[in-house]
Amino acid sequence: MASQLQLSVVKGAKVLMVGAGGIGCELLKTLALSGFQDIHIIDMDTIEVSNLNRQFLFRQSHVGQAKAKVARDAVLKFRPQINITSYHANIKDPDFNVDFFKQFNVVLNGLDNLDARRHVNRLCLVANVPLVESGTTGFLGQVTVHVKGRTECYECQPKPSPKTYPVCTITSTPSKFVHCIVWAKDLLFAKLFGDRNQENDLNTRSSGDASSSEPAEDVFECRKDEDIEQYGRGIFDHVFGYNIELALSNEETWKNRNRPRPIYSKDILSDQLAQRNGNMDKNFATDDGPSVSAMVSLGMKNPQDIWSLTENSRIFFEALKLFFTKREKEIGNLSFDKDDQLAVEFVTAAANIRAASFGIPLHSLFEAKGIAGNIVHAVATTNAIIAGLIVIEAIKVLQNDTKKYRMTYCLEHPSKKMLLMPVEPFEPNKSCYVCSETPLLLEINTRRSKLKDFVEKIVKAKLGMNLPLIMHGSALLYEVGHDLDEDMVANYAANLEKVLAELPSPVTSGTMLTVEDLQQEFSCNVNIKHREEFDEEKEPDGMLLSGWTQPLPAAEKEDKFIINGARTSKTSLATIEAEKDDEIDVVSAGKKRKLSESFKVADSDLPNAVDETRNHKQFQVIDDEDDLIMLDGGDSDRHKKKRLQ
């Protein structure tokens with residue numbers, strides 16, 4: 001039974017919930033049933049059919065409506081006496097500033113992406129409002145408590161970086177199916193159906209006479225009078241035939257690699273079959289838009305079947321034709337969406353044909369969709385458990401019961417006969433650039449890298465700033481804002497295109513830059529170190545940011561855990577070797593211990609899609625954007641990091 005103090009703090013609390021998805025639905029219900037009277041909920045998403053299996057506050061009739069509003073209305077039906085305020089908006093909107101956050105007693109996160117989590121963490125720190133974080137993936141989950149000055153903030157420990165692949169791997173030497181998916185989605189699909197003016201590393205020149213002085217023909221340009229079947233064959237033969245032959249001409253590349261085989265449409269589909277492939281009008285889906293399906297047109301039903309090369313080719317041609325006949329108005333503005341059936345079919349077929357060329361095993365549409373859309377299938381029970389744990393920690397925070405704060409981890413398999421593993425929170429990391437203001441170190445070629453590279457790859461992608469301001473001493477190098485006059489905007493735009501060493505206030509080795517985000521009221525210092533060369537495979541950004549965490553003093557190593565959720569750190573305690581990307585390891589006093597056979601690292605209701613390619617020289621595949629940090633809970637008095645006292 002709840003004590004009078006608990007009932008009092010619960011009824012008097014003003015709570016902000018961020019996210020109304022898988023965790024959010026369970027959390028809003030649990031908060032209402034636990035006696036909370038004043039709840040505010042923010043979510044920018046609308047309800048999709050794929051949400052209905054676990055986001056139980058929503059029904060088929062709600063598809064297309066705002067999640068926050070529908071969740072509010074559903075809960076008020078059984079708790080009409082409480083106050084729930086919903087916002088169909090982005091948490092990063094200017095309206096949700098520090099003053100907005102200061103009105104709440106606690107913030108509860110049920111987000112699905114790293115960028116928004118960082119944003120909320122920083123606003124909570126500035127507003128001095130406690131934050132309860134959470135995440136689930138399948139049967140795994142976690143709840144962590146972050147209180148300024150008392151526990152580590154959300155960014156005190158580095159988060160796994162998105163997996164990156166050099167452009168040469170994607171375009172020339174794929175070795176995994178995920179490489180083929182990235183190629184099909186971020187290059188081929190984007191070139192055919194997206195913004196034609198966007199930079200793209202796909203070779204588009206015609207296979208005609210290379211010695212001709214005439215400009216090479218762009219095979220992706222569909223002429224008005226061109227037959228769509230002929231256009232499709234041209235695309236197929238170019239990307240799966242000619243481009244492969246072009247790659248094979250570089251003998252050096254294939255000395256230690258298996259040589260791919262060019263694939264041409266005439267070798268896969270006969271003229272008669274191709275014609276039949278395009279004349280099955282009786283089977284066509286009659287609806288326009290995302291409901292159009294190449295599988296339906298061709299009478300293929302099971303998404304878990306692995307299609308043959310011929311079947312993949314038929315899907316490729318059919319999907320291409322349907323885009324140009326049924327969805328022509330959208331071409332030029334499309335981006336890949338995992339809920340767009342035709343887009344998923346096209347990407348699956350294209351990826352499989354490329355995989356066949358390079359001797360990579362083919363995958364089903366179901367598997368390909370999971371990779372392309374970054375899907376880890378959710379379990380409603382896990383969301384319910386995590387929501388309950390969030391509320392328990394929120395009540396402790398409201399009571400200021402710091403000694404009872406716990407970070408709790410939900411396991412798939414029992415560890416020491418426990419499925420829920422509570423751990424004492426850690427103290428703030430003195431090396432954290434967010435809550436401890438420790439300078440970062442950036443190694444970069446200052447004579448080659450532009451300010452634009454620094455802004456996109458470091459300030460936005462790594463530091464998570466939305467409205468950055470960059471200063472070198474008293475010189476303002478770059479600023480974003482709606483109140484800038486035209487001359488200032490033009491000046492900053494010109495600075496973006498300059499290499500660092502040639503800026504009005506030159507950035508060279510030894511320079512310290514101050515980077516601020518006025519919306520987040522957050523700033524940090526970045527020390528610049530010039531470096532000439534970078535390993536394209538290991539450092540595809542062409543720059544290296546360090547200083548996120550401080551190495552453990554040697555005397556303390558015996559009593560502390562090293563958490564290695566992404567297996568990217570190299571510690572002196574142990575070298576972690578894992579055969580699969582979906583395993584997580586716990587290292588304690590020199591020992592490696594596997595917690596589960598398949599331990600996927602992810603966010604709550606993982607992000608909807610692989611991040612868009614931030615620049616044409618690097619591709620990102622995010623299948624573990626956030627980390628689930630698991631600790632061995634046995635003998636907790638002896639094995640501690642630096643615990644909250």
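Binning at 10 Å from 0, report for the stretch 63-125 what percent of all alpha-carbon pair distances ends up in each bin.
With 10 Å bins starting at 0, P(r) equals 17, 45, 32, 5.
Quote the Stokes-Einstein diffusion coefficient, in whole µm² s⁻¹, for the stretch 1-49, based on the Kirkwood radius over alpha carbon pairs, a temperature of 37 °C and a viscosity of 0.692 mPa s.
It comes out at roughly 277 µm²/s.
Under the rule a/c < 1.5 gives rounded, and otherwise a/b versus b/c splits prolate from oblate, where does the stretch 335-409 land using the Cα gyration tensor?
Because a/c hits 1.5 or more and a/b exceeds b/c, the stretch 335-409 counts as prolate.
Looking only at Cα atoms, what is the convex hull volume of the stretch 6-113 per residue, in Å³?
Considering the Cα atoms of the stretch 6-113, their hull volume per residue is 95 Å³.
Mind ranking 234-243, 310-319, 180-189 by how tightly packed they are, going by the mean number of other C-beta atoms within 10 angstrom, highest first?
The most tightly packed comes first, giving 180-189, 310-319, 234-243.
With a 1.4 Å probe and all protein chains left in place, how much accessible area per residue does the stretch 3-109 have, in Å²?
43 Å²
Give the average over all directions of the projected area of the C-alpha convex hull of the stretch 65-178, one decimal, in nm².
11.3 nm²
Across the stretch 440-546, how many lysine pairs separated by 8 or more positions, or lying on different chains, have Cα atoms within less than 20 Å?
17
In whole angstrom, and with the biggest value first, how far do the Cα coordinates of the stretch 440-546 range along each principal axis?
41, 27, 23
The values are calculated or read from the model by the stated rules, or taken from the named source; none is laboratory data. Everything quoted here is computed from the prediction, not taken from an experiment. Note: ideal-geometry Cβ built from the backbone for every residue, glycine included; neighbour counts use all protein chains shown. Ligands, DNA and RNA are stripped out before the accessible areas are found, and what is left, the full protein with its side chains, is counted by its heavy atoms. Shrake-Rupley method; radii C 1.70, N 1.55, O 1.52, S 1.80 Å.
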